[in-house]
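Coordinate-derived values only; no laboratory data. Treat the numbers as computed from the prediction; the structure is a model and nothing was measured. All Cβ positions, glycine included, derive from the backbone under ideal geometry; neighbour counts span all protein chains shown.
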Amino acid sequence: MKEKKIKCPECNSEDIIFDPIKGEHVCAHCGLVIEESVIDTSQEWRAFDDTQRSKRVRTGAPLTITKHDQGITTEIGKGKGELFKVDAKKRAQYYRLSKWHKRLIKSKDRNLSFAFSELQRLVSYLELSQAIHEKVAKLYEQAVEKGLVRGRSTESIIASLLYTTCREEGAPRTLDEISKASGISKRDIGKTYRYIARKLNIRILPAKPQDYIPRFGSLLGLDEKVQVRAVQILDEAMKHDVTSGKGPIGVAAAALYIAAVLEGKKKTQREVADIIGVTEVTIRNRYKEIVEKLGIKEEVEEKVKEEELEEERREEKI
């Protein structure tokens, strides 16, 4: 193995050879031994599959803020089943140690342990990224340190922080989605969200309709071409000041409906409304405003008529 970072002090040659058996750096030009007894920092064991690797590795999982102890605290016993693995004479001692170990855990750690398990469930259910998971965990720990969780349910605080962070990270989830996942009413989430945002100095700008396009597009089964067209429609709509003062979810739903029609992937307004969670009236109103301002009303209506005629022909053939 050659290393060009080391130069020979004798002949200034960069042609240096490392001998792993003797642990020496030797100049290939003049034969000078530059370094000797070099420590080999590579692992001394080999693994050919995941099972061998997990058995031979001598380090644990990396530290993570998503666990109350960052993943390094030990635990005496993980259930009653562990008790019967201990010798019968030492079971009483084992039971006492396990009980006192749980008693000595600080109230903050107990709070964080419960909160982070709830957070893990919500992140998994809503299919959120690790970055959002870690940011919410950090914010919750700050809230605990400032005493903001007293008198409020852990679930409502986690849900409100999740709603806030999703908006910040450009992956917004609707209040309906978070309410359904957490079991907390939208009113309670909104109330807690305003309180926590004020106390932690969090300032969230209104969500853009464009942020909802990838998620809603996936829910509707629309391909990337339709999603790109929907974003273009929204960009044009913003230039014409159509979206200001309107709910971003309804605007995004209408843009996806228009883009689907124009790209020949027609979805009915009812389908879009049911899947996204808005009313047909909302989509219809936003749809009319957008197509009229962008001057594409005739083009869209013509596409709709073509689709309807094709459906009628298919039904006649059947």
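With a cut-off of 15 Å between beta carbons, the residues surrounding ALA181 carry a summed charge of -1, where Lys and Arg count +1 and Asp and Glu -1. Counted residue by residue at 0.36 nm each, then reduced by the alpha carbon distance between them, the extension gain from SER185 to LEU200 reaches 3.2 nm. Cα axis of helix 186-199 to longest principal axis of the chain: angle in degrees, 0 to 90, nearest 10? Tilt relative to the chain: about 50 degrees. Between LYS55 and ASP109, the simple label model (points 7 Å from Cα in the Cβ direction) yields a spacing of 3.3 nm. Taking 0.36 nm per residue of sequence separation and removing the Cα-Cα distance, the SER218/GLN130 pair yields an extension gain of 29.7 nm. In percent, rounded to a whole number, the relative contact order of the chain is 8, using alpha-carbon pairs under 8 Å and six or more apart. Restricting segment 140-209 to trypsin sites (Lys or Arg not before Pro) that sit in a DSSP loop and have at most 16 other Cβ atoms within 10 Å of their own Cβ leaves LYS146, ARG150, ARG152, ARG203.
Grab the Cα-Cα distance for GLU145 and GLU310, subtract it from 0.36 nm times how many residues apart they are, and report the gain in nm with one decimal.
Values: separation 165, 0.36 × 165 = 59.40 nm, distance 6.29 nm.
53.1 nm is the gain from fully extending GLU145 to GLU310.
Relative to the longest principal axis of the Cα atoms of the chain, the long axis of helix 91-103 lies at roughly 60 degrees. Hey, with R₀ at 45 Å, roughly what FRET efficiency would ASP176 and GLU24 work out to, going by the Cβ-Cβ distance, to 0.05? For ASP176 and GLU24, the calculated efficiency is 0.10.
Could you list LYS99, LYS106 in order of exposure, starting from the residue whose Cβ has the fewest other Cβ atoms within 10 Å? Before the final figure, lay out the partial values.
On the way: LYS99 12, LYS106 9.
Ascending number of Cβ neighbours within 10 Å: LYS106, LYS99.
Seen from GLU289, the other residues with C-beta closer than 12 Å to its C-beta sum to a net charge of +4, counting Lys and Arg as +1 and Asp and Glu as -1.
How charged is the neighbourhood of VAL33? Take every other residue with its Cβ under 12 Å from the Cβ of VAL33, and add Lys/Arg as +1 and Asp/Glu as -1. Could the numbers behind the result be given before it?
Working: positive: LYS22; negative: GLU10, ASP19, GLU24, GLU35, GLU36.
Summing Lys/Arg as +1 and Asp/Glu as -1 gives -4.
Between CYS11 and ASP274, the modelled labels are 8.2 nm apart [label points 7 Å from Cα along Cα→Cβ]. Between ASP87 and GLU292, the simple spin-label model (points 7 angstrom out along Cα→Cβ) gives 8.7 nm. From its DSSP helices (H runs of at least four residues, each -39,500 (n - 2.57)), the chain gives a residue-normalised ellipticity at 222 nm of -18000 deg cm²/dmol.
Sequence-distant contacts, meaning Cα pairs under 8 Å at least 6 residues apart, place the relative contact order of segment 107-199 at 30 percent.
Against the chain, whose longest principal axis comes from its Cα atoms, helix 154-168 is set at around 80 degrees. Diffusion coefficient of segment 209-317 by Stokes-Einstein, Kirkwood radius over Cα pairs, 20 °C, 1.002 mPa s: 155 µm²/s. Between the labelled values (i) -0.61, -0.92, -1.00, -1.15; (ii) -0.48, -0.83, -0.95, -1.19; (iii) -0.76, -0.92, -0.99, -1.16, the entry that holds log10 I(q)/I(0) by the Debye sum over Cα atoms at q = 0.09, 0.12, 0.13, 0.15 Å⁻¹ as derived from this structure is (iii). Normalising the average separation of contacting C-alpha pairs (under 8 angstrom, six or more residues apart) by the number of residues puts the relative contact order of segment 209-317 at 27 percent.
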